Amino acid sequence: MAIRYGCFFSYAHGRHDLMLRFKTALADALRCYLEPYFDNEDELFVDHEQLGGGDDLDRKIARAMCESVCMIMIYTPKYEAHPYTRREYAAMQLLEAERSQWYDLPSHLIIPVIMTRHPTKLPPQITNSSLYVDFSHFTMATADLKSNIDFIPDIDKIVKRIVLHYQYQKMYTPASHDCNHFVLPDVPPEWRDIPEVLFPKK
């Protein structure tokens, strides 16, 4: 396995300005602060930028995840509602379990970044994480993330997490490891129970 990306961007696709702008602003900030740490690897894998046409989307996504050091998960309620993004989350959990056999993981490989909080509560996939950052105060009026003092401390935490795993994986990934063998898992169950709807008796 050769590392090709610092982190895989996992997110639910949006059509309107807020979700599009958040994803772009976060990606730009991470690229900016990750670049000095890497050799020749790309800082991020973002599907709409790197994927071309063709039908074998699952194979391309699986390979990109396997060739990524970590995963940035942009959490919105839409994220947990989509089977494919839950599948990406489960796939990175499989990769984390595999890599834990190569070296003692100092932390999880999935880094949740909260764009929009769930109206009831965050799922345990977020709250049980050893590091997650809350950027839910981001709005269309927010200045550029990479120069915004309100966000830079958390961006720095993310960058340090990624580059630490990057160094470990450069040292300990088996030379024979082949990402062509990694496949996405089946779609996992929903993250929270669907509440039973009770209608009042007449």
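Computed with a 1.4 Å probe over protein heavy atoms only, the accessible surface of the chain comes to 54 Å² per residue. Just checking the listed ones, Pro188, Pro83, Pro124: in the Gaussian network model of the chain with Cα springs under 10 Å, the one fluctuating most is Pro124. A simple rule links phi to the HN-Hα coupling: the Karplus curve 6.51 cos²θ - 1.76 cosθ + 1.60 with θ = phi - 60°, which for the range 2-11 gives 10, 6, 10, 9, x, 7, 8, 8, 10, 7 Hz, with x for Gly and Pro. With r defined as the distance between the Cβ atoms of Arg21 and Leu131 and R0 fixed at 25 Å, what FRET efficiency is calculated, to the nearest 0.05? Efficiency, rounded to the nearest 0.05: 0.55.
Rounded, prolate or oblate: which one fits the range 7-160, using the alpha carbon gyration tensor with axes a ≥ b ≥ c (rounded when a/c is under 1.5, else prolate when a/b beats b/c, else oblate)? Rounded, since a/c falls under 1.5. Expressed as a whole percent, the accessible surface of the chain that belongs to carbon and sulfur atoms is 52, based on a 1.4 Å probe. Each Cα pair under 8 Å and six or more residues apart adds its sequence gap; the mean of these over the residue count of the range 110-202 is a relative contact order of 25 percent. The mean sequence separation of alpha-carbon pairs under 8 Å and at least six residues apart, normalised by the residue count of the range 88-155, gives a relative contact order of 26 percent. Relative contact order, whole percent, for the chain stands at 31, derived from Cα pairs under 8 Å and 6 or more residues apart. Taking 0.36 nm per residue of sequence separation and removing the Cα-Cα distance, the Ala175/Leu94 pair yields an extension gain of 27.2 nm.
The values are calculated or read from the model by the stated rules, or taken from the named source; none is laboratory data. Source: prediction; values computed, not measured. Here Cβ is always computed from backbone atoms with ideal geometry, including for glycine, and neighbour counts include all displayed protein chains. In case anyone asks, the SASA skips ligands and DNA or RNA and just uses the protein heavy atoms, side chains included. Shrake-Rupley method; radii C 1.70, N 1.55, O 1.52, S 1.80 Å.
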